[in-house]
């Protein structure tokens with residue numbers, strides 16, 4: 001399965017008199033690593049909601065691989081490979097790390113869930129495929145030794161890695177990461193950066209990362225967008241964005 005292409009054309013979202021996203025257009029090429037930064041309240045998470053189907057834009061169009069998917073429900077887009085994480089961890093604390101990953105696989109692969117539930121002839125094949133996929137993802141995020149431990153025993157940083165791992169189990173073609181480094185200390189953020197760098201090198205998935213850790217974004221992403229009051233004020237390579245006068249004024253504080 002190849003990485004996704006996404007085009008956002010002049011999307012806008014209002015909440016009453018407040019314009020959260022105003023006339024934003026983006027081009028996302030397959031296999032790329034993109035970053036989205038901006039001050040609190042800039043509209044970053046709202047833009048993610050519009051892309052992932054959580055909310056419908058008041059204006060504008062979202063095209064996935066050339067198909068108009070504007071306002072399509074999140075579960076439909078997930079089946080087409082558009083997955084996102086959230087600012088707050090959302091795992092099943094009573095399940096083991098491996099079991100959490102399998103849930104992530106079942107959410108998209110309904111055939112595996114059906115086979116496991118009704119013990120169809122494909123049950124063993126489906127279970128083996130999920131186990132192999134889980135092992136691959138656990139190795140990627142460095143959690144092999146924690147596979148059989150309950151999620152409730154993990155540190156906060158490990159929960160953040162687990163959330164990324166769960167999303168990866170669904171074989172995303174476009175992965176939207178909403179502040180994955182939030183609350184992490186320096187060592188944990190560095191470990192996350194290594195995970196994101198490995199994802200950036202994987203041509204099967206396109207990643208877009210919303211993050212306040214500017215150094216992480218600049219290290220991992222090849223293209224960076226900057227939102228301010230719902231408007232796109234800059235885009236380009238990390239070095240271009242950090243030297244942009246408006247970005248330095250409203251966000252970097254220099």
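The values are calculated or read from the model by the stated rules, or taken from the named source; none is laboratory data. Owing to the predicted nature of the structure, the values given are computational and were not obtained by experimental measurement. Cβ placement follows ideal geometry from the backbone for every residue including glycine, while neighbour counts extend to all protein chains displayed.
So the values come out like this:
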| quantity | calculated |
| --- | --- |
| Residue in the stretch 138-181 that is nearest to the chain's Cα centre (by Cα), counting only those that are in a helix (DSSP H, G or I) and farther than 26 Å from residue 33 by Cα | 151 |
| Test: residue 250 is in a helix (DSSP H, G or I), touching a residue at least 12 places away in the same chain (Cβ under 8 Å), buried (at least 23 other Cβ atoms within 10 Å of the Cβ) and touching a strand residue (DSSP E or B) at 6+ places or on another chain (Cβ under 6 Å) | no |
| Residue within the stretch 196-209 that is more than 14 Å from residue 32 (Cβ to Cβ) and surrounded by 16 or more Cβ atoms within 10 Å (Cβ to Cβ) present | no |
| Residues of the stretch 61-102 classified as without any contact (Cβ under 8 Å) to a residue 60 or more places away in the chain and out of contact with any helix residue (DSSP H, G or I) (no Cβ under 8 Å at 6 or more places or on another chain), total | 12 |
| Tally, over the stretch 1-27, of residues that are without any contact (Cβ under 8 Å) to a residue 12 or more places away in the chain and either outside the structural domain of residue 44 (by TED's automatic domain parsing) or within 20 Å of the chain's Cα centre (by Cα) (or both) | 0 |
| Residue check for residue 43: surrounded by 14 or more Cβ atoms within 10 Å (Cβ to Cβ), within 15 Å of the chain's Cα centre (by Cα) and over 22 Å from residue 166 (Cβ atoms) | no |
| Top-ranked residue of the stretch 66-75 - restricted to ones that are outside any helix (DSSP H, G or I) and surrounded by fewer than 16 Cβ atoms within 10 Å (Cβ to Cβ), ranked as modelled with the lowest pLDDT | 71 |
| Qualifying residue in the stretch 123-130 (condition: at pLDDT 85 or above, within 22 Å of the chain's Cα centre (by Cα) and part of a helix (DSSP H, G or I)) | no |
| The stretch 188-213, residues that are in contact (Cβ under 8 Å) with a residue 24 or more places away in the chain and over 19 Å from residue 88 (Cα atoms) | 198, 199, 200, 202, 203, 204, 205, 206 |
| Subset of the stretch 222-247 (residues that are in contact (Cβ under 8 Å) with a residue 60 or more places away in the chain and over 28 Å from residue 58 (Cβ atoms)) | 222, 238 |
| Sole exception among (1) over 22 Å from residue 158 (Cβ atoms); (2) touching a helix residue (DSSP H, G or I) at 6+ places or on another chain (Cβ under 7 Å); (3) not in a helix (DSSP H, G or I) for residue 218, by number | (3) |
| Subset of the stretch 136-149 [surrounded by fewer than 19 Cβ atoms within 10 Å (Cβ to Cβ) and either touching a residue at least 40 places away in the same chain (Cβ under 8 Å) or more than 19 Å from residue 194 (Cβ to Cβ) (or both)] | 140, 142, 147, 148, 149 |
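Results for (1) in contact with a strand residue (DSSP E or B) (Cβ under 9 Å, 6 or more places away or on another chain); (2) modelled with pLDDT of 90 or more; (3) on the phi > 0 side of the Ramachandran plot, shown as yes or no for each residue.
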position	(1), (2), (3)
24	yes, yes, no
33	yes, yes, no
38	yes, yes, yes
45	yes, yes, no
50	yes, yes, no
57	yes, yes, no
80	yes, yes, no
89	no, no, no
103	no, no, no
